[in-house]
Structure formats: C-alpha cells, structure tokens
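In what follows, a structure is listed as structure tokens, so that the remarks can point back to it.
The values are calculated or read from the model by the stated rules, or taken from the named source; none is laboratory data. In this text, all values refer to a predicted model and were calculated from it rather than measured experimentally. For neighbour counting, all protein chains shown are included, and Cβ atoms are generated from backbone atoms with ideal geometry for every residue, glycine included.
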Amino acid sequence: MLGTENWSGVTLDLVRPCGVGDPRSAGMGCGRTVARGDRQLDNEYVMRSTRRRGEGAYRPVIDALSAAVLFGVSAPLAKLLLGAIDPIPLAALLYLGAGFGLAFYILLRTSMKDAADEAALDRGDLPWLAGAVLSGGVAAPILLLHGLRATPAATSALLLNSELVATGVIAAVVFRESIGRWIWGAILTITAGSVLLTLDPSAGWGVSHGAALIVAACVMWGLDNNLTRRISLKDPKRIVAIKGLAAGGVSSALALALGRPFPGVWYIALGLLLGGVSYGISIVLFVRALRHLGAARTGALFGTAPFIGAAVSLMAFRDPPTSSFVLSLPLLVIGAGILFRERHDHAHAHALLMHTHAHTHADGHHNHTHVDRISPARRHSHRHTHVPMVHTHPHRPDIHHRHGHVLPD
C-alpha cells in the first residue's frame with residue numbers, strides 16, 4: 001500500500017501493481033495500487049476473485065427474465081378481468097396499482113426510518129425521467145390507441161413486437177451502447193419468436209396509417225427504455241412509482257374522456273393488486289437489469305414475456321398448445337440462451353468519474369474507503385469517485401463500461 005488520497009471527501013486507497021514474475025502474485029495474488037502521479041488502478045486480484053466466484057454475473061439476466069415472467073403472467077390474469085373492466089380503465093388500474101403500491105412501500109420504509117441503500121433521484125435526473133414518462137407513459141399509449149382503431153388485430157399483434165428492435169436500434173445509434181453481432185442475433189431471434197407467437201393467419205390483415213402509429217408507439221416505448229436506463233442507477237422503486245402514477249393518470253384521463261366507465265370497488269381493488277405485483281415489481285426488476293445489462297439486452301430478455309403469458313394461458317385455460325407456440329419456443333430459448341451465456345472479456349480503461357449510486361466494495365470498481373469501516377459486501381449509496389484504471393474482466397455495457405469497440409463481437 002502506497003498510501004491514500006482524498007477526492008471530494010472520500011478517501012481512496014492507492015495500490016501498486018505486482019510486476020510480472022513477482023513472487024507475491026503466486027498463490028494468494030496481490031492487489032494493485034498506483035502512484036498518485038499516473039492514477040492508474042488495476043485490481044487484478046479482485047477481478048480474478050470475482051471471475052472465480054462468478055459474483056453477480058447472472059443476477060441481472062435473472063432480474064430481466066423475472067420481470068418478463070411477472071409481466072407475462074399479467075396478460076392471462078388481466079384477461080380474466082376484461083369481462084368486467086374496459087381495456088383502457090384496466091390499463092389505468094394496472095399502472096396506478098404499480099405507482100400506489102411502490103409509493104406506499106417507500107412511505108412505509110421512510111416511516112420506519114429504515115436506512116435506504118439506493119440513491120435518491122436528483123435534479124439532474126429530472127430531464128431523463130420526464131422524457132421517459134412523456135414517451136412511454138403519455139405518447140405511446142395515445143399513439144397505440146389511435147393505431148389500434150385503424151389496424152386489424154393480427155397486424156397489430158405483430159407490429160407490437162417492433163418495440164424490441166426499436167429499443168436496440170435507439171440504444172446503438174443514439175446512446176452508443178455496445179451491441180455486437182451475437183447480441184443482434186439474440187435480439188432478432190427473440191423478435192422472430194415473438195412474431196411467430198402472435199401470428200394468426202385466420203385473422204384480418206391490412207396495412208394502414210394505423211400501422212404506422214403502432215410502430216411509432218413502439219418507438220416511444222423503445223425511447224422510454226433507453227431514457228430510463230440513463231437513470232437506472234437511482235432508486236428503481238421511486239422511478240417506477242413516478243412512472244406508474246403518471247401513466248395511470250394519463251390512462252385514467254383517456255378513459256374518462258372517451259366515456260369508458262370504471263368498474264365497481266371490488267374489481268378496482270383486483271386491478272390495483274394485479275398492477276402492484278405484475279407491473280410494479282416487474283418494472284422494478286426491469287430497471288435493475290437496465291443498470292447492469294443496458295437497454296438492448298434487457299429489452300431482448302423482456303421480450304420473452306409474451307411467450308410466458310401464452311404458456312400461463314395454456315395452463316390456466318387448458319387450451320392445447322398451438323403450432324405457433326411450439327415453433328416460437330426454440331427461437332426464444334436460443335435468444336435468451338445467447339444473452340445468458342454472453343461473455344465479453346478484454347482489457348479496458350476507466351476514466352475519472354464521480355457519481356452516486358448503490359454499490360458494494362467487492363466488485364473491483366469501488367475501491368474508496370470510509371471513515372467508519374463497513375463490510376465489503378454491504379450495499380450502500382453515496383457520492384463517490386472512480387480513479388482512472390485499466391483492467392481485464394468479463395463485463396456488459398453497464399454505467400461503468402460504456403467504452404466503444406472497433407469490432408464488437
């Protein structure tokens with residue numbers, strides 16, 4: 001250890017690297033500390049330990065798939081409510097259930113003075129949050145509503161799958177997210193599986209201006225996903241509470257403006273409960289996955305939700321599996337498998353960075369120390385500084401790994 005340096009009130013340990021052939025690198029290995037002059041930091045020992053343990057490698061993928069499961073389950077359950085609730089009021093209740101449920105949870109934890117381990121939203125996050133709410137919670141539902149009126153059901157179902165591709169294209173072109181050939185292959189494979197799942201040759205077909213409006217709605221949802229990714233390091237519960245209340249408010253206003261009646265108290269309670277679980281928890285998991293996987297990968301994994309909904313429907317309503325279900329299954333499994341087994345590993349550099357988010361000190365990227373010592377595995381949140389470092393380990397395009405690639409794999 002060479003000593004410490006203080007950056008904006010946070011003490012940073014400076015570690016010297018072991019040289020090639022250094023006897024200390026054998027057996028237990030060694031960390032790397034650097035001189036204050038070059039500010040290079042390469043915690044090879046920590047990263048080797050992380051690789052051996054596989055710490056957190058699959059958790060974001062599991063979060064995204066869990067979000068897809070909860071959201072997919074909502075479709076057949078909502079179908080049971082459609083006999084008593086009009087679609088637009090039901091959409092309002094689902095979003096309001098997510099918003100009110102998470103708002104209540106936040107207030108409960110606050111009243112119990114439970115220490116928060118997630119970073120709160122700040123003023124700099126508001127433009128991204130407002131953009132996400134306006135695009136995904138306001139513009140997309142209105143565009144979809146007008147598009148559905150002028151588009152046959154079969155065409156509408158197929159066009160709704162374009163959100164997956166829109167999310168990936170916006171992530172790559174606008175936000176410069178690293179998406180290699182294999183990831184594009186996974187996105188297109190899952191999209192193809194979703195198209196097969198929703199394919200209904202017996203239904204009416206047609207292309208109209210309504211089709212363009214549906215595609216525009218999917219683009220708005222794709223933009224929503226990417227804008228939400230920009231603030232995904234902050235508390236996902238607060239993000240989803242705000243988005244749920246905003247989207248639910250817009251859907252409620254649409255229902256009232258169009259004269260669509262809300263149901264009785266019992267069905268309102270059921271709609272809110274379903275929204276709190278299948279929308280609220282699902283989207284919290286989705287936002288958590290965004291911070292670690294990026295928008296394109298998270299969106300692709302979430303694209304398996306229609307298949308999960310179809311599977312639950314087959315079990316709940318005891319319908320025989322359709323040919324489209326059987327044909328889509330291998331495509332969705334292959335696409336999700338590519339994303340689950342993705343390994344991207346190379347030497348890369350981190351620039352000086354200051355930000356606030358929840359973190360631990362066991363991932364090789366958060367090497368600052370605290371006046372009051374805490375466990376390396378304890379999750380906590382505060383403003384901290386990342387000094388420049390160069391190291392090698394498997395990674396995905398999270399907030400700490402937004403570097404470019406000449407030839408993405």
Cβ-Cβ under 7 Å, sequence separation 6+ or interchain: first residue in region 56-76 and closer than 12 Å to residue 274 by Cα and assigned by TED's automatic domain parsing to the domain that holds residue 288, partner surrounded by fewer than 19 Cβ atoms within 10 Å (Cβ to Cβ) and modelled with pLDDT of 90 or more. Which pairs? 70/277
From the option list 233, 245, 223, single residue qualifying as assigned by TED's automatic domain parsing to the domain that holds residue 64 and in contact with a strand residue (DSSP E or B) (Cβ under 6 Å, 6 or more places away or on another chain) is 233
Residue that is surrounded by the most Cβ atoms within 10 Å (Cβ to Cβ) [pool: residues in region 49-76 that are modelled with pLDDT under 85, of a type in the set (Ser, Thr, Tyr) and not in a loop (DSSP other than H, G, I, E, B)]: 74
Starting from residues that are farther than 19 Å from residue 306 by Cβ and over 24 Å from the mean Cα position of the chain (by Cα), keep the ones in region 78-97 and report whichever is modelled with the highest pLDDT. 89
Taking region 77-92 and keeping residues among the hydrophobic types (A, V, I, L, M, F, W, C), touching a residue at least 24 places away in the same chain (Cβ under 8 Å) and part of a loop (DSSP other than H, G, I, E, B) leaves 84, 85
For residue 250, are the conditions met, namely being part of a helix (DSSP H, G or I), out of contact with any Leu (no Cβ under 8 Å at 6 or more places or on another chain) and touching a residue at least 40 places away in the same chain (Cβ under 8 Å)? yes
When region 130-157 is checked residue by residue, the ones that are modelled with pLDDT under 75 and either of a type in the set (Gly, Ala, Ser) or not in a helix (DSSP H, G or I) (or both) are 150, 151, 152, 153, 154, 156, 157
